[in-house]
Every structure is written in C-alpha cells, then in structure tokens.
Amino acid sequence: MLNLDTLLLVQICVTLLTTALLVASACYTDSPPEQRWWAAGNVAVSAGMAMCNMDGLPLVVSAILGYGVIAFGLGLVLRGLRVYCASTLSWTSIAIMTGIALVIAAYYTLVAPSLRARLCFSGFYFALLNWICAIAIARRGSWRVSGIAVAGFVLLGFALFLRGVHMLTQGDTADGANSLVIHLSALVVPLAQICIAFGLILMVMWRYAERLRRLSTLDALTGALNRSGLEMQGKRTGLRAQRGGRSLAVIMIDVDYFKVINDTYGHPVGDEVLRHLARLVRLELRPLDLLARFGGEEFVLVLDGVDREAALKVAERLRARIEYEVVELDKLSVRYTASMGVVCSDQHDYDLIRLISAGDAAMYEAKRAGRNRVAAG
C-alpha cells in the first residue's frame, strides 16, 4: 500500500499541473470564454485545496473558507461547461453553491465541531457537484468528444463519494486515514483530474476543428455552402436519393443584372442583395436540402426527393417572392429579380456535375427568354 502522504503530494502536483495546463491554454487571445471559466475554476479549486491542507492556517481559513473556495471553483467550471453547451449558469447559482459549502463547514467547525462530519460533507457535496458537471456535458451528447471529460467528472465524484461513505461509517478518523478506501481515493483523484483536464482541452480542440471545417465549406458572405462544401455534401445527397429510389432536383439561380446593381449602388448593396437572396432561399429549404453559392451571383439549390414538376413549383414560388421583396441598406431601397433553371435526375441521372451543367444551361435559356423567369432543362 502506498504512503498516504505520497499520494496526497501526487494529487497536489497533478492538480497544479492540470491547472497550469488549462490556464496556459486559456491565455491565447482567441480562446473561447468557456476555456477561461474552466481555467479560473481550476485556479480556485487549487487555492481551496491548498487552504484546506496547509498547516498553520487559522481554523476559519482551513476548515471553512477553503471549502467555500473549492465550491466556488467548481461553480466556475460548471459555468464554463454550461457556456460550452450554449447555456449559462447565473452568479446567484454559483453563490448558492458556495454558500452551502461555507455554512455547513462553519456549522461543523464552530457550532458542532466534528472533523468526521466535515469530511463526510465535503465528500458527498463535492461528489454531487462533479456529477452535476458530468450531467451538464452528457446532456449535450457527442460522446466521442466529451466522453473523456464526463468519465473524469464521474470518476472524481465516485472517489469523493466513497471517501465520504467511508468516513461516515468509520468510527475513528485517525484509523480511517490508513484505510484502503482512503488510499484508493487518493490514487483515483489525480487520475480523474487528468481525464477532466485533457477532456476539456479535447472539447475545445474539437470546437476549433469544427469551426475550421465550417470555414472551409461555407461561403463567408452568405453562409451558404461554397463549391467545396457543395461537392462533399452534394455527392452524399445524390447517393442517398439514388439508394432510396427518390428523385433529385437541382435549381440554378442567378441574379439578373447584378453588375448593374453593383455599378449603380456599389458593392455593399450588391453584397446585401446576395445575402438577402440566400435568406429567402433558406425559407424554402427542408433539413436535407442544400444551398450553395456556386460563384459570383449564382446559387445552386439541391432538393432531395423532389421531381421536376414539384421543383418547378418551388422555383416559381421563389422567383415571385424575390420579385416583390425589397432590399434596404443605408436608406436605399433596391428591387431585383432572378432567373432560374430547373433539372431533375429523372431526365439527367444522379451525377451532380451533370445536373448542375444542365441546370446552368436551363438558367441561361431563362435569361435569353427575357429574365425573371423559370426554365426547365
């Protein structure tokens, strides 16, 4: 059996190292807010642990204030987790979490002094807070990304809970310090802390990777897919429709006289026209449909499970809506129209490149016929 003092020293070292790791990762200018909350929370937890375990401090500091600082740190960590999950945790909730730790620790220190009761309370209460942190991440899903952090919080809570149960059933606190349960919990705690620290960093790395992926596949101006994103997602959509025996329709959309709009009103107005068009088209999209900016003022709409007749109705509805909408920017009111070409896999097979080429040809037929109209290919 390992010496308890050695295990506690390892626990303190791991706590300091994981805290330093989180703080260092949060020091970058573009670090997300949740990462800064995690770092601040770990600093507070480390400070609280030091206050609880440092000899020579006044009893009020080591036996009361230390517990409150640990609870405050866990509240900050939980706030960061909630921010990561697109939610938040109010300062009132954090104050309540901290206040509970302070009040109960003060009760078992000043009113009814009992080291055993205080250790039991700390084990149960901090286990509960760690499990709440685990639940906050688990509810968001994505276990491949957050599984390590969830496991770390669950494991840490389990170790603290067992420690609390053991101290509750142990008659002599001094004998309890030499028990197998205390030694195992002292060994498990640093392992759980490592899992939590690396799990949190992995979650941030995944979010950065997801942001880069979105930047590489989305058009920055309109938020629609760019050509790279259309190529990747369009192939999947085509294969899905082909395997399901459904039609696949493509609508090519081009803004009429877009160069005239740019030359007359300026490029900011032209950009707003493109954003406006993308917003209107999205109103017609279903979850599996795709919208991409194919280049310049030209857009592609890919409709899964829609035949040519239904796609013509969608295109005509869009054309009419665009014609009667007004784009307003800097006290300017601009109207514009769009020409559209509609093709379907029933006539052109499921190859997306072939469909886009046929749709482009149909769209230019609509332009040659007078613009602001829909043509079928």
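The values are calculated or read from the model by the stated rules, or taken from the named source; none is laboratory data. These figures come from a predicted structure and were not determined experimentally. We place every Cβ from the backbone using ideal geometry, glycine too, and count neighbours over all the protein chains shown. Areas reflect the complete protein model, heavy atoms only, side chains present, ligands, DNA and RNA absent. Shrake-Rupley method; radii C 1.70, N 1.55, O 1.52, S 1.80 Å.
If the reach is capped at under 15 angstrom between alpha carbons, list the aspartates and glutamates near residue 259, excluding any in the same chain fewer than eight residues apart.
271, 272, 297, 298
Among 225, 242, 96, whose Cα lies farthest out toward the positive end of the dipole of the chain, if unit charges sit on the beta carbon of Lys, Arg (+1) and Asp, Glu (-1)?
242
What order do you get for 44-52, 68-76 when each peptide is scored by the mean count of other beta carbon atoms within 10 Å, highest first?
68-76, 44-52
Debye calculation, C-alpha points only, no solvent: report log10 I(q)/I(0) for the chain at q = 0.09, 0.12 Å⁻¹, in the same order as the q values.
Rounded to two decimals, the profile gives -0.68, -0.86.
When the Karplus curve 6.51 cos²θ - 1.76 cosθ + 1.60 is applied with θ = phi - 60°, which whole-Hz ³J(HN,Hα) does each residue of region 75-84 get, with x for Gly and Pro?
Running phi through 6.51 cos²θ - 1.76 cosθ + 1.60 with θ = phi - 60° gives x, 5, 4, 5, 4, x, 5, 5, 5, 4 Hz.
Counting pairs of alpha carbon atoms under 8 Å apart in space and at least six apart in sequence, what relative contact order in percent does region 73-154 give?
Across region 73-154, relative contact order equals 29 percent.
What's the percent breakdown of Cα-Cα distances in region 226-278 across 5 Å bins, shortest bin first?
4, 16, 17, 16, 13, 12, 10, 7, 4, 1
Could you tell me the largest-minus-smallest coordinate of the C-alpha atoms of region 44-105 on each of the three principal axes, in descending order and whole angstroms?
Extents along the principal axes, in whole Å: 43, 20, 11.
Give the shape of region 80-177 as rounded, prolate or oblate, defined through the alpha-carbon gyration tensor: a ≥ b ≥ c are the square roots of its eigenvalues, a/c under 1.5 means rounded, and otherwise the shape is prolate if a/b is larger than b/c and oblate if not.
It is oblate, given that a/c is not under 1.5 and a/b is not larger than b/c.
Please tell me the relative contact order of the chain in percent, rounded to the nearest whole number, where contacts are Cα pairs under 8 Å and at least six residues apart.
12
Starting from the alpha-carbon convex hull of region 220-356, give the projected area averaged over all orientations, in nm².
7.8
How big is D, in µm² s⁻¹, for region 71-120 by Stokes-Einstein at 25 °C and 0.890 mPa s if Rh is the Kirkwood radius over C-alpha pairs?
It comes out at roughly 205 µm²/s.
How many times 2.2 N^0.38 Å is the alpha carbon radius of gyration of region 275-377?
Taking N as the residue count of region 275-377, the ratio is 1.07.
Which aspartates and glutamates have a Cα lying under 19 Å from the Cα of residue 313, excluding residues fewer than 8 positions away in the same chain?
Correct list for residue 313: 254, 284, 289, 304, 323, 325, 346, 360, 365.
With the Cα gyration tensor of region 204-254 giving a ≥ b ≥ c as the square roots of its eigenvalues, does the rule (a/c under 1.5 for rounded; else a/b larger than b/c for prolate; else oblate) give rounded, prolate or oblate?
Because a/c hits 1.5 or more and a/b fails to exceed b/c, region 204-254 counts as oblate.
Roughly how many percent of the accessible protein surface of the chain is carbon and sulfur, given a 1.4 Å probe and a whole-percent answer?
That share works out to 62 percent.
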